[in-house]
Amino acid sequence: MGPIRVSRAYYHCRHCGRGQVPRDGQLGLSSCDLSRGAAQAVTLAGTLASFAEAATKVLPKLTGLRVSESTVERTTERAGEQVGQRLAAGETFGPPVSWDWTTDAEGQTCAYVAADSTGVGMQGPGGSAVEGRMAAVGMIWNAGDGGRVRYVCGLAGGLAGLGQTLRQQAAQVNLDAAQRWVALSDGGAGIEDWLRTNFPRVEAVILDFYHAAEHLCDWAKVWHASVEEAQRVGSEWCHRLKHEGGQVVLEALRGLDGSRRSAEAQEMHRLLVGYFENQVHRMDYPTYRLKGWLIGSGPVEAACKQVVNQRLKGSGMRWSESGADAVCHLRALFRSEKGQWDACWSSLAA
């Protein structure tokens, strides 16, 4: 339609010396001079692409909007901060919906919950590099029903700060209706405690099979000098782990004689045995598979990549804590099931 000129009244208070334009509030305008629709477009662009790319390529091409990189950054981070505040206050977006939970091999409806963390580069005063921070990601999903997933993500407060928020998401999709709750973990410190504290009905916290298998294969590379032998032996140990379970593999590892191996191989073996001793209660893979449960946390690994890494870990990217936290909230919202992003912005316009 081209440019539109809007006439609006301006009121000035001679007592406080301030002015106001009531029509601006009705139009959804703010101090950044973006309407709600424009703010959503700018925020979406800043959520999916770098602020510079959003300003110079994405927005001009798709919307005709020409704003500066700093405007994209301020608008995106402001919106992310608001989403984080609303979630922390107990708000959910859209109406309650009861997911049709899929069944496991025993005919019981089954819901999955998981959590993980991934590092994010930080920027200190004056652009100096500082130690990175961990962004936490929590999720619930309905296996076998594509797209039925809810993510929460944040930097401030770590994983501990996401418990209430993820429980609220779970309540909105009626997690209680699922007869079984199953959790997946990569074995990171504190994750199992967090899962059991926030989701006490969890029947099992399963160690991601592929993390355990990776430890076995890394050990085999040091234990055997031949690459071919290491690959063969590593594959055999992984097969045994999947079909016989962690306790059987642990006992077999303890029985190996490493006296004639190199010091490096002996140390690697010691570390592997220690790893299995700490994680064996999560490695009953034959039972998990018999019940038809997932044994790999692929969805969680994908969550870290899709929610955090693809946007916050680009080449040379460094973040402020508040900026990274804001974008984490937006990324989790956008990557959650279809309709969550629109429901959030619709409630802002209401």
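The values are calculated or read from the model by the stated rules, or taken from the named source; none is laboratory data. What you are looking at is a predicted structure, and each value in this text was computed from that prediction instead of being measured. Backbone-built Cβ (ideal geometry, glycine too); neighbour counts: all protein chains shown. Heads up: the accessible areas ignore ligands, DNA and RNA and are worked out on the full protein's heavy atoms, side chains in. Shrake-Rupley method; radii C 1.70, N 1.55, O 1.52, S 1.80 Å.
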Under 5 Å, built H, 5+ apart or other chain: amide partners of Arg180: Thr109, Cys110, Ala111
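What shape does segment 262-307 take by its C-alpha gyration tensor, where a ≥ b ≥ c are the square roots of the eigenvalues and a/c under 1.5 counts as rounded, a/b above b/c as prolate, and the rest as oblate?
On the way: a/c = 3.60, a/b = 1.51, b/c = 2.38.
Judged from the Cα gyration tensor, segment 262-307 comes out oblate (a/c at least 1.5, b/c at or above a/b).
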task: Roll a 1.4 angstrom probe over the protein heavy atoms and tell me the percent of accessible area of the chain that is carbon or sulfur.
output: 50 percent
query: How much length is gained on full extension from Arg261 to Ser315, taking 0.36 nm per residue of separation minus their Cα-Cα distance?
result: 15.3 nm
message: Let's see if you can work this out: charge +1 on each Lys and Arg Cβ, -1 on each Asp and Glu Cβ, no other charges. What is the dipole magnitude of segment 241-350 about its Cα centre, in debye to the nearest 20?
response: 280 debye
- request: Divide by every residue of the chain the summed helix terms, -39500 (n - 2.57) for each DSSP H run of at least 4, and state the resulting mean residue ellipticity at 222 nm, rounded to the nearest 500 deg cm²/dmol.
  value: -13500 deg cm²/dmol
- request: List every residue whose amide H lies under 5 Å from the amide H of Gly154, counting only residues 5 or more places away in sequence or on a different chain, with H placed 1.01 Å from N in the peptide plane.
  value: Ala136
message: Of Ala111, Leu207, Trp293, which is farthest towards the positive pole of the chain's charge dipole, taken about the Cα centre with +1 and -1 on the beta-carbons of Lys, Arg and Asp, Glu respectively?
response: Ala111
message: Can you classify segment 79-217 as rounded, prolate or oblate using the Cα gyration tensor, where a ≥ b ≥ c are the square roots of its eigenvalues, rounded means a/c under 1.5, and otherwise it's prolate if a/b beats b/c and oblate if not?
response: oblate
query: Once the Cβ-Cβ distance between Lys291 and Asp218 is put in as r, and R0 is 35 Å, what FRET efficiency do you end up with, to the nearest 0.05?
result: 0.75
Two-site label geometry, Tyr210 and Arg196: point separation in nm, points 7 Å out along Cα→Cβ: 2.6 nm
Inter-label distance, nm, simple model (7 Å from Cα along the C-beta direction), Ala302/Ala129: 3.3 nm
message: Please return the longest range in the chain lying between exposed loop sites, taking trypsin sites (Lys or Arg not before Pro), DSSP loop only, at most 12 other beta-carbon atoms within 10 Å, and leaving the sites out.
response: 67-259
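Which order do His12, His269 take when ranked by solvent-accessible area (1.4 Å probe, heavy atoms of all protein chains), largest first? Can you show the working numbers first?
Values: His12 115, His269 30 Å².
The ranking, largest first, comes out as His12, His269.
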- prompt: What FRET efficiency comes out for the pair Leu348/Gln247, r = Cβ-Cβ distance, R0 = 56 Å, nearest 0.05?
  reply: 0.60
- prompt: In segment 156-313, with Lys and Arg counted as +1 and Asp and Glu as -1 at Cβ, which of these residues, Leu272, Ala252, Ala160, has the Cα nearest the positive end of the dipole, that is, farthest along it?
  reply: Ala160
- prompt: Hey, which lysines would be in cross-link range of Lys221, C-alpha to C-alpha under 27 Å, not counting anything within fewer than 8 residues on its own chain?
  reply: Lys242
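About the Cα centre of the chain, how large is the charge dipole given +1 on each Lys and Arg Cβ and -1 on each Asp and Glu Cβ? Please answer in debye to the nearest 20.
Details: 37 positive and 37 negative charges, 329 e Å.
It works out to roughly 1580 debye.
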field: Eligible lysines near Lys61 by straight Cα distance, threshold 28 Å, same-chain separation 8 or greater
entry: Lys305, Lys313, Lys338
